[in-house]
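No value in this document is a laboratory result; all are computed from the given coordinates. Since the structure is predicted, the reported quantities are computational estimates derived from the model, not experimental observations. We place every Cβ from the backbone using ideal geometry, glycine too, and count neighbours over all the protein chains shown.
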Ligand code: UDP
Ligand code: MG
């Protein structure tokens, strides 16, 4: 079995050397072969230069260098594309994650899990703009996706490479890998990991990340639950809204026709019209969504299911 450690790097010049040394020491102590995939996300400091030097000295190191800054999610996706290991470990390039946790994650994987996620139970970050939003986000993501983890934000994770094949990451979605993987039927576990304060360099994110995470959560939830049946979300909303509008309009028509109550001075009329229109729009959106879903799945030959394995049939055992 081969282990690939994927590390996104954006302006981390002071961290690269010490991180590399600490990590390779840990990797040496394992009885698996390994590689380190550094993805330089368009750094403007000396990061790339340092990575190049390391790569020349150590052939287990792969460096992927972006033309410009594409963001942490893109960097991780590139890491998955260039990794050759059977098992992937992701971690931050700022030394906040501790490479010494890797053996514990491996041990958990060997119990038969497909993905093991780190939980920074002693997280060393500021409370107001880091830990508090993260607490709320974790609760929210857990409730919405039904995959209960204490720490979605922890980059230190380990999983089989197969998992990355079925996942396309956009926006800030690297943190949703466990939720998406679980949607594909993977077995998920959580392990407490060490977390250290940032010693060098600065954090690349501000508080606005929280909002972006919430928007991505909406996307992930939609894709996980309704990507194959959009009409059932939009159509449902459309039916509710449309029938409510129709009912109000009907009552008002009866009142006008049989009881002589004038329509002109009743704001309720506006609501009825609005609801009917919204209903029609929701239903059409659902139908368009159905078309899109077919394009999405069929152009990519993407099945709407995931198979763990097939027994029998064409004389060989296929795995996912
Ligand atoms: N990072 C990246 N591209 C970016 C922003 C961040 O590759 O556009 C990397 C960064 O170098 C670090 C990791 O993502 O290795 C996490 O970033 P950071 O430590 O700033 O996030 P925080 O720990 O504050 O959540
Ligand atoms: Mg950090």
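Things worth noting here:
- DSSP finds beta bridges in the chain, and of those with both partners inside it, around 30 percent are antiparallel.
- Between region 185-231 and region 1-32, the alpha-carbon center distance in angstrom: 23
- As a proxy for reagent exposure, 234, 176 were ordered by neighbouring Cβ count within 10 angstrom, fewest first; the result is 234, 176.
- Per-residue packing, averaged as other Cβ atoms within 10 Å, sorts the ranges 158-170, 202-214, 37-49 into the order 37-49, 158-170, 202-214, beginning with the highest.
- Here the residues 9, 239, 128, ranked from fewest to most Cβ neighbours within 10 Å of their Cβ, fall in the order 128, 239, 9.
- FRET E, pair residue 28, residue 309, Förster distance 41 Å, beta-carbon r, rounded to 0.05: 0.75
- The chain: mean projected area of Cα convex hull, nm²: 23.0
- With Cα atoms, 0 to 90° folded angle of helix 268-299 axis to the chain main axis: 40
- Translational D in µm²/s for region 41-124 (Stokes-Einstein at 4 °C, 1.567 mPa s, Kirkwood Rh from C-alpha pairs): 87
- Simple spin-label estimate for residue 232 and residue 70 gives 3.4 nm between the two label positions (7 Å along the Cα-to-Cβ direction from each Cα).
- Shape summary of region 157-229, radius of gyration then Dmax from alpha carbon positions: 14.7, 48 Å.
- Each of 60, 67 has some number of other Cβ atoms within 10 Å of its Cβ, and from fewest to most they run 67, 60.
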